[in-house]
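Quick notes on the structure that follows.
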Amino acid sequence: MIITSCSFFTLIVQFPAFRMLSDALPVCDRQCCVLKPFEEDRLMTYSRHGDIVIGGVLQIFLIACAEKQNYLSKPNGPVCVAPSLRYLRHLLAFIYAIEEINSNSDILPNVTLGFRIYDACSSDVVALKSTLCILSEDQEPTPNYICHRKPKTAAFIGHLLTSTTNVVAELTQLYGFPQVSYGAPNPVLSNHINIPFVYRTVPSELSQFNVIIQLLTHFGWTWVGIIASDDGSNDQTSEELKNRLEMAGICVAFKYVISQSLAFGMKNFQAFDVIKNSSARVIILYCSALHFLGLLEKKLYQNLPGKVWISSVTLNIVTDYNFKQYLHTFNGSLLISLHRGEIPGFKKFLCQEIWSNTTENIFLQYFLAFNVGCLEFLFDEENKVARRECSKEGFWTERIAQDEIDTYRISYATYTAVHSLAHALHEMCKRKDLPSSEGWSSKTRSKVHQKLHLLLTNSGEEVYFDANGDAPGNFDILNWIIYSNLTVRNIFVGRYKSSAAQQLLINDSAIVWNPYFNQTPQSTCSEPCPPGHRKTLQIGRKSCCFDCILCSEGEIASFTDMEKCIKCPEDHWSKPTRDLCLKRTIDFLSFEEPLGETLTTFAVLLTVLSLAMMFFFVKYRTSPIIKANNRNLSYILLVSLTFSFLCSLSFIGHPIPETCLLRQVAFGIIFTIVISSILGKTVTVVIAFHATKPGSKLRRCVGSKLSYAILLLCTSGEILICLTWLISFPPFIDFDTKSTNDKLILQCNEGSILAFCIVIFYIGILALFSFFVAFFARKLPDRYNEAQYITFSMIVFCCVWVTFIPTYFSTKGKYMVAVEIFAILASTAGILGCIFVPKCYILLLKREHVAQWKGCTI
């Protein structure tokens, strides 16, 4: 219930006519200037007789004013003051619908509809008394008593406010009266369990929430403020709106509730500072027209640059009075309005009604008295000349005859409410369910309730109520434009239709924003994260407040404000800007690139060198130095070294399944043969030295059979390991996706790193054993000095492969292959150089020393 202090009334009535009226009429308080009816505590009403009567509890006057109570005498009830032109249209739409139905023989033939209308303004108290008057069918109501034997009231129309509609419903539903509201959107009225007889020709606010959310989403506004009023309805629904916004990813920077006392100056008003200091540029007004006027009275009429206002349906912007000078702040605002409907012939009716029924319609009289100054209507009923002169005032022609685009919105809802009741009554008439002589009972009234769910076509549009008694969620989006000459226009810029596939349609180019903005305004807590960045929440702040973090390598963010980066496919990689995945090029150690060419060159040269030494060894095979060093093992060793050099070439070039399967196995077996041959030569040297001692039992071990046995035994172990590896975890072609960002390294996956390590470990054990045997045999007589060369070769071999292990596992991509090739070439070249180069040097350049080896065959 909204009953305001009379001190604020001075803001509304700024016209000379009202000051004349306040001096002429009785007052409850000289400071308040309250207008009272002629008879004590009597309500103003307008009625017409009919076979069936529809009661109307409307809002025609703007506010309810009550006198100050001193508790010394009985206080008078609240009085409705300041009639609004917008609300007066609702009354006239009600009357026009009744007259249209009565003149139409297709609807309720031989039945005349009447009405009894009261103005409850914004007071629940006045609404309750008005309802009792309609129920009792008497100006002095008696609760639970009807003055006439044949009651004619069948249903109620009203009210504009949710709280007042609820008050009326709590009383009327006791007697089974259906009530059709023309402006109360609160979702509480959708509860047909507690309030079963209430219908609405306006959508529920839950539908309006969807409009607001889609509107904010359309413009990318994620940081908004809410101004609500504490009149119960708006406060509760604004809290629900806040929850819905946050569920949709829109953050509410603040929600400020205007209390009644704050709205009318009884406390310091802080809403202005809250709005001004907030970084939110979009403010949702979810308050009543009365509280909006309170905002205008305070500081909000001052310029608040950089704010976009969104008005909900609950706010009926009042431009009937002289408030336009305060409205510049709201220029460029967006209004969510009820869908505009057509009322054929209504404009003509408005012009005629002022001429024909002014003396009967007290609400028209008071409107002219307040707004034009025609006091003659109230005090001199015989002065027809004055009445006619007032009727010719340009005010009426300009404000009613020339309708704005928003004229038939709530007026259309009122018009539809009357037609829906008439349609239900017509269905009862066809079924002969209308009462005849007894009057209306609760049983017959309940039949009206049952028929209200039927579909009707009104002005070319389908009108129906769903299971909750609500109308379809259809809205218009208006742009509020205020020109420099204080002309106010509402421009249609979009629509929302709940049943459409694309519910919200907005014409962005038609919107005229506040001159402060040179483009579509933005309202976000943080600047949008550009592509390539993801959002990370700021600790302790709302989800719309975030920092922007560059995506990690291999991830991208293609759009703005992405919460998570998207991982690129394996064959793609992210650009440095992290906004696009690029196709990777396939890379491998090829023969054409410099590194491959270098390694290939060294492998070929060393192979040629090994073959050259083989040639010399074959050519000088009868030489004592060749015979003395186990000629057959030397041949085997040279052949193995040659294949070892050639084996390194299998690691270069485009990997194929065959090379992947065999290259490591071939490398392991060939190296095992090399080390086994060296081990066989070394053991043979040691045994040959000790066999020369008198009585030695090792003489029978001297010969080539022992060295061959060592070679076969050691090589068999490596072959067994390699066969197990190939059977259990064979190598295969694989892509290395982690070594480089822009390339896919095509390589051979070893299948089992453990098996590869065992192969290397086995070769290492043989090399260490060969090293120790050669080391202990290094001080044999000079003519048996090959042990010294084997020792050096094993030192080189072990150094290379000890260095290889950490280097290999710390290298990525094709460089792992290069490291292994280098280790193969270096270790093999070390063996070739340390063992065979000295012998070739002697064979070619120091032939005089060959004679020293005569007779020293091993």
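The values are calculated or read from the model by the stated rules, or taken from the named source; none is laboratory data. These numbers were taken from a predicted model, which means no experiment stands behind them. All Cβ positions, glycine included, derive from the backbone under ideal geometry; neighbour counts span all protein chains shown. Note: areas computed on protein heavy atoms with side chains; ligands, DNA, RNA excluded. Shrake-Rupley method; radii C 1.70, N 1.55, O 1.52, S 1.80 Å.
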The stretch 117-153, residues that are acidic (Asp, Glu) and either buried (at least 22 other Cβ atoms within 10 Å of the Cβ) or touching a Ser or Thr at 6+ places or on another chain (Cβ under 8 Å) (or both): ASP119, ASP124, GLU137
Test: residue in the stretch 797-816 that is open to solvent by less than 60 Å² (accessible area, probe 1.4 Å) and modelled with pLDDT under 80: yes
Yes/no for SER163 being hydroxyl-bearing (Ser, Thr, Tyr) and over 42 Å from the mean Cα position of the chain (by Cα): no
For SER190: the one exception among (1) free of Cβ contacts under 8 Å to residues at least 40 places away in the same chain; (2) hydroxyl-bearing (Ser, Thr, Tyr); (3) closer than 30 Å to LYS443 by Cβ: (1)
Among (1) open to solvent by 30 Å² or more (accessible area, probe 1.4 Å); (2) at pLDDT below 85; (3) assigned to a helix (DSSP H, G or I), the one test that ALA787 misses: (1)
Single match in ALA777, ALA755 (criterion: of a type in the set (A, V, I, L, M), surrounded by 19 or more Cβ atoms within 10 Å (Cβ to Cβ) and modelled with pLDDT of 85 or more): ALA755
Residue count for the stretch 188-221, restricted to those that are within 25 Å of THR172 (Cα to Cα) and not in a helix (DSSP H, G or I): 14
Which listed residue, of PHE197, PHE156, PHE219, is touching a His at 6+ places or on another chain (Cβ under 8 Å) and either surrounded by fewer than 19 Cβ atoms within 10 Å (Cβ to Cβ) or of a type in the set (Phe, Trp, Tyr) (or both): PHE197
Residue list for the stretch 588-607, filter: touching a residue at least 60 places away in the same chain (Cβ under 8 Å) and open to solvent by 70 Å² or more (accessible area, probe 1.4 Å): PHE591, PHE602
Any hit, the stretch 632-648, residues being at pLDDT below 85 and surrounded by fewer than 20 Cβ atoms within 10 Å (Cβ to Cβ): yes
The stretch 165-186 residues that are within 12 Å of GLY56 (Cα to Cα) and without any contact (Cβ under 8 Å) to a residue 40 or more places away in the chain, paired with ones that are open to solvent by 10 Å² or more (accessible area, probe 1.4 Å) and of a type outside the set (D, E, K, R) (beta carbon under 7 Å, 6 or more apart): GLN179/PHE197
Hits in the stretch 49-86 - residues which are among the hydroxyl-bearing types (Ser, Thr, Tyr) and open to solvent by 10 Å² or more (accessible area, probe 1.4 Å): TYR71, SER73
Subset of the stretch 66-102 that is of a type in the set (A, V, I, L, M) and touching a Leu at 6+ places or on another chain (Cβ under 8 Å) - its residue that is modelled with the lowest pLDDT: ALA82
Total residues in the stretch 488-547, condition in a strand (DSSP E or B), within 24 Å of LYS255 (Cβ to Cβ) and open to solvent by 60 Å² or more (accessible area, probe 1.4 Å): 1
Which numbered condition ILE63 misses (of (1) more than 24 Å from ILE146 (Cβ to Cβ); (2) modelled with pLDDT of 75 or more; (3) among the β-branched types (Val, Ile, Thr); (4) over 47 Å from the mean Cα position of the chain (by Cα)): (4)
Considering residues of the stretch 226-252 that are buried (at least 22 other Cβ atoms within 10 Å of the Cβ) and over 22 Å from PHE475 (Cα atoms) only, the residue modelled with the highest pLDDT: SER229
Matching residues in the stretch 66-113 - criterion: being out of contact with any Phe, Trp or Tyr (no Cβ under 6 Å at 6 or more places or on another chain), of a type in the set (A, V, I, L, M) and over 20 Å from SER130 (Cα atoms): LEU72, LEU85, ILE101, ILE107, LEU108, VAL111
Any pair with Cβ under 6 angstrom, 6 or more apart, that starts in the stretch 799-825 at a residue that is in a helix (DSSP H, G or I) and ends at one that is open to solvent by 10 Å² or more (accessible area, probe 1.4 Å) and small (Gly, Ala, Ser): VAL800/ALA826
